[in-house]
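> Structure in structure tokens, see below.
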Amino acid sequence: MRAEMSGPLAHTYAKYTLPALHRRVATDPKCLSEINSERTAWRLPPVSSCIPREEWVVRRFALFPDWYCSPAEDWPGNVELVGFPLPGPHDLDTNVREWLKEHPSPLVFTPGTSPTGHVDHFFDQALLCCRALGVPGVLLSPRLADAGVAIHGDVLRLAYVELGALMRHSALLIHHGGIGTTARALEAGIPQIVSPLVYDQPDNAERVRARTVGEIMTGECSAVEASRWMSSKDLLGELTYFYVNNFTQSDRQLEQYRQSMLAHARAPGKGELFSGGLAS
């Protein structure tokens, strides 16, 4: 998967810098040490790169469906697209279910495994955004492990939750664009706002926007920005505006919009949405 690069140094970055970074990662001493240790246990000779040789490859699997990323001309041969391999549904904890009864259809904010300083700032802005919009919010991050399940009125702080189960009760997901989180929002049929940072996140963000199931946020989710978005319907505001003016009226409308999102996500004739079939 490859996002379009732009800017005066885009060509140089793609041709020289990015391959150099890949080579550096492939020859990382710690990574090679672990691989060669395992190979030694199997009486195999050591290797000098983490990149597998072509003759070693028996089968290739892409863990996403073809409507999400169609095979490109420069892909290796015999790649089988098997869909998002998402675990089956799980129940939410009792205290989370009880909170959702009192605060339905929250906005969910998760920065993934970002550095602690970034997480704190991300959540500060998330709280301001929820207050400006007058909606409940869920703050989700492993960095909140010390807090356990912390309930502060219409804000729920969680270190971990079954994301697939939570998404079915949520109105909107704001995240950094990890593929697993992206897939869970698609599975639930809810809109998502992606604020990408590194790795595959910019590419996932572009694919979400291209499929009209979400938008890319390049600025902070601050109270000032939230107010501006609400009036201009720009970025996050286009979806939160829709949420405030429609989702708050009835659960039936929320369900109808979820089904609409699912319909947008699955291109006609492109097969199943997930490896286990289309979510209901």
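> With (1) of a type in the set (D, E, K, R); (2) buried (at least 20 other Cβ atoms within 10 Å of the Cβ); (3) modelled with pLDDT of 90 or more as the list, and GLU187 as the residue in question, which single condition is left unmet?
Single failed check for GLU187: (3).
> For a quick check of your reading of the model, give me the residue pairs whose first member lies in the stretch 71-89 and is within 21 Å of LEU186 (Cβ to Cβ), whose second is part of a loop (DSSP other than H, G, I, E, B) and among the acidic types (Asp, Glu), with beta-carbon atoms closer than 7 Å and at least 6 apart or on different chains.
Within 7 Å, the pairs are LEU81/ASP66; GLY83/GLU272.
> Please tell me if VAL149 is under 17 Å from the mean Cα position of the chain (by Cα), at pLDDT below 85 and of a type outside the set (Asp, Glu).
So VAL149 fails the test.
> Residue check: is ARG53 at pLDDT 85 or above and farther than 24 Å from ALA205 by Cβ?
The answer is no for ARG53.
Residues checked against (1) touching a Gly at 6+ places or on another chain (Cβ under 9 Å); (2) aromatic (Phe, Trp, Tyr); (3) closer than 30 Å to ARG209 by Cα; (4) surrounded by fewer than 17 Cβ atoms within 10 Å (Cβ to Cβ):
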position	(1), (2), (3), (4)
ARG43	no, no, no, yes
CYS50	no, no, no, yes
PRO87	yes, no, yes, yes
VAL108	yes, no, yes, no
PRO111	no, no, yes, no
ALA126	yes, no, yes, no
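> Could I ask something else about it? Anything in the stretch 71-109 that is closer than 23 Å to PHE61 by Cβ and among the polar types (S, T, N, Q)? List them, or say none.
The answer is ASN78, and nothing else.
> Continuing with this model, one more query. Among the residues of the stretch 19-40 satisfying the criterion of being of a type in the set (A, V, I, L, M), closer than 11 Å to ILE51 by Cα and modelled with pLDDT under 90, which is surrounded by the most Cβ atoms within 10 Å (Cβ to Cβ)?
ALA26
The values are calculated or read from the model by the stated rules, or taken from the named source; none is laboratory data. In this text the structure is predicted, and so the values were computed from the model without any measurement. We place every Cβ from the backbone using ideal geometry, glycine too, and count neighbours over all the protein chains shown.
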